[in-house]
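Colleague: Here's a structure for you.
Laboratory data are not the source of any read-out in this text; all were calculated from the coordinates shown. All of these numbers come straight from a predicted model, not from anything done at the bench. We place every Cβ from the backbone using ideal geometry, glycine too, and count neighbours over all the protein chains shown.
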Amino acid sequence: MQRRCKHPVLGRRGLTLIEVLVATAIFLGSLTAVLGIINIGHESRLSARLEAEAVVRCESVMGEYVAGIREMTAVSERFEDNDEWQLTTTIEDADGTSLLKIVVLVEHMAGDEANAYFQLTRYMRDPQLFLDAALESEASE
């Protein structure tokens, strides 16, 4: 006949303290990595949203210049609807031709730094030349 061992240490089932500590360390390391990835994803989403808004604002301002809604003058100002966005426009002659070089820069300002921006450059004919030609043709008639 066989005797069974009734000693509590030899027939015990469960985890030791070292195993619990190792499992906890692995869990906490994994949790830290997952939270880091979530944070990177959040920052990327915010950056993409700001860059998309910068593109829309920049194209809108350039469209106003092309349509003649805005006067052909250089400006540096904040947007009226949100003062975190700054607009800088330069207008200059393009190498002595009848073209104007219009550069529109839109920046999202966080304090003193720009954390998102978009710049658009366009060449277009000087609208003043058309006005001058129309005035000369009216005067000669």
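Colleague: Output the residue which, of all residues in the stretch 34-63 that are surrounded by 13 or more Cβ atoms within 10 Å (Cβ to Cβ) and among the acidic types (Asp, Glu), is farthest from Tyr117 (Cα to Cα).
Modeller: Glu59
Quick grid of which residues meet (1) over 15 Å from the mean Cα position of the chain (by Cα); (2) free of Cβ contacts under 8 Å to residues at least 12 places away in the same chain:
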position: Lys101; (1), (2): yes, no
position: Phe118; (1), (2): no, no
position: Thr121; (1), (2): yes, no
position: Ala133; (1), (2): yes, yes
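Colleague: Can you pull out the residues in the stretch 65-78 that are exposed (fewer than 14 other Cβ atoms within 10 Å of the Cβ), part of a loop (DSSP other than H, G, I, E, B) and either touching a helix residue (DSSP H, G or I) at 6+ places or on another chain (Cβ under 9 Å) or of a type outside the set (Ser, Thr, Tyr) (or both)?
Modeller: Within the stretch 65-78, Gly68, Ile69, Glu71, Ala74 meet the criteria.
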